[in-house]
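What follows is one structure encoded as structure tokens, with my remarks underneath.
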Amino acid sequence: MNLSDFGWMVLQSSGQASVLVLCVLIIQWLLSSKIPAFWRYALWAPVVLRLLLPIAPESRVSLFNLFNKAPEQASERRVTIRTIRSIAPPQNIQGDSTPEILAKPISRLPSVAGIASGIWFVIALGLIVRAIVAHRRFGKALLHSESCNDERIWRSLEEARKILRVNTKLIVVEHTVLGSPALFGVIKPRLLVPPELSARFSDSELRHIFLHELAHVKRGDLYTNWLLIMVQALHWFNPLVWFACRRIRADREFACDVMALECVVESTPKQFGETMVKVLEIFSGSRRGLETISVVRNAAELKRRIQMIAAYQPMRQSPLFWSVLLSVICLVGLSDARTEIGHSNSRDIQVSKQSLASNVDSTNQTVNKREESGAKLIRHRLETIRFD
């Protein structure tokens, strides 16, 4: 497999994933607030898997059978046979003269597909390297930050850990790089808090913030965040993929909001939303990179989250329907279109093979006869030369 073939597979998976993105958006629009936060986020799993897996098994129930015309084209295929022209006997052979062979130079210029695949590979590799370098630089910058010693911060964090039952030990670091609470790191996750966080927020507000961040840790969002970075790098040419990644991150934040709300008894969704708005007001304009997971990223995203939080109700319906829906999406979306050749077409191919074999035999017989006649002619010319 060369680079052009792999680039074509990435392009095909990107197009198929775009169809899945539209399907997920339509489902979310039709069901709107009826979809629980967890399942709203889980519906994006087939999209991410389709983007990361360029090869998928063929299936009769694949969604992409609707766009596949291969079976129709296959039924119209016929095996074409080119007859080999008869070889004329050599004529006018004189002495030691030999036929002159003119070799034509073979073109080594790359094709358009090869050039496009090379450009895609260079940009994708550059985006991945850029994300890794940014992650390492940010990690080195945090080495000069001091550990947090604020008792209110630690007390609120421990309360949140007990409520969510998170066993992961977090390293709490005071920093001024981001300017807002955030998570960083995969192997050794660190909770980044601004020095003024304790002074500006109450105990209940601190608990809201830490419950939200610990929800990311419990759900494994630190790992899936890098999957999204890889998806954006591999499919940088597809604007619909970038839009989908933005929606995935927004639905991820709302899922963490709901997980925090389900654990907060003394607070209402309105109070939780007010805490998020306060975080945005105080820490607006702060740097937020893709390598970190912040409480609030921008005003447009927060507005959508506030609307969902205001309409939040504890999930009462059975998860069976959503499990079946997700399974169906995976079944029809994580498989390729099935290319089949019908029985009649197979019979045509069999007949074509037989005719091909008979034509080859007849052609070989003709060539052998021509060679024999040519040999006789050469032998006759040699005898004539000797007699003279």
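The values are calculated or read from the model by the stated rules, or taken from the named source; none is laboratory data. If you're wondering where the values come from, they're calculated on a predicted model, not measured in any experiment. Cβ sites come from the backbone with ideal geometry, for glycine too, and all protein chains shown count toward neighbours.
Observations, loosely collected:
- Qualifying residue in segment 129-136 (condition: surrounded by fewer than 19 Cβ atoms within 10 Å (Cβ to Cβ), assigned to a loop (DSSP other than H, G, I, E, B), out of contact with any Ser or Thr (no Cβ under 6 Å at 6 or more places or on another chain) and not hydroxyl-bearing (Ser, Thr, Tyr)): no
- Complete set of residues in segment 245-277 that are touching a residue at least 24 places away in the same chain (Cβ under 8 Å), of a type in the set (A, V, I, L, M, F, W, C) and more than 22 Å from Arg165 (Cα to Cα): Ile248, Ala250, Met276, Val277
- Candidate set: segment 295-314, residues that are modelled with pLDDT of 75 or more and surrounded by 18 or more Cβ atoms within 10 Å (Cβ to Cβ); chosen: the one nearest to Lys34 (Cα to Cα): Met308
- Among the residues of segment 166-195, those that are polar (S, T, N, Q) and either modelled with pLDDT of 85 or more or within 29 Å of the chain's Cα centre (by Cα) (or both) comprise Asn167, Thr168.
Residue-wise test of (1) buried (at least 23 other Cβ atoms within 10 Å of the Cβ); (2) touching an Asp or Glu at 6+ places or on another chain (Cβ under 8 Å); (3) in contact (Cβ under 8 Å) with a residue 60 or more places away in the chain.
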residue: Pro189; (1), (2), (3): no, no, no
residue: Ser198; (1), (2), (3): no, yes, no
residue: Glu205; (1), (2), (3): no, no, yes
residue: Leu211; (1), (2), (3): yes, no, no
residue: Leu228; (1), (2), (3): no, no, yes
residue: Gln232; (1), (2), (3): no, no, yes
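- Summed over segment 1-51, the residues that are over 20 Å from Pro239 (Cβ atoms) and of a type in the set (Lys, Arg) give a count of 2.
- Condition check for Asp150: under 22 Å from the mean Cα position of the chain (by Cα), crowded, with 16+ Cβ neighbours inside 10 Å and either on the phi < 0 side of the Ramachandran plot or not aliphatic (A, V, I, L, M) (or both): no
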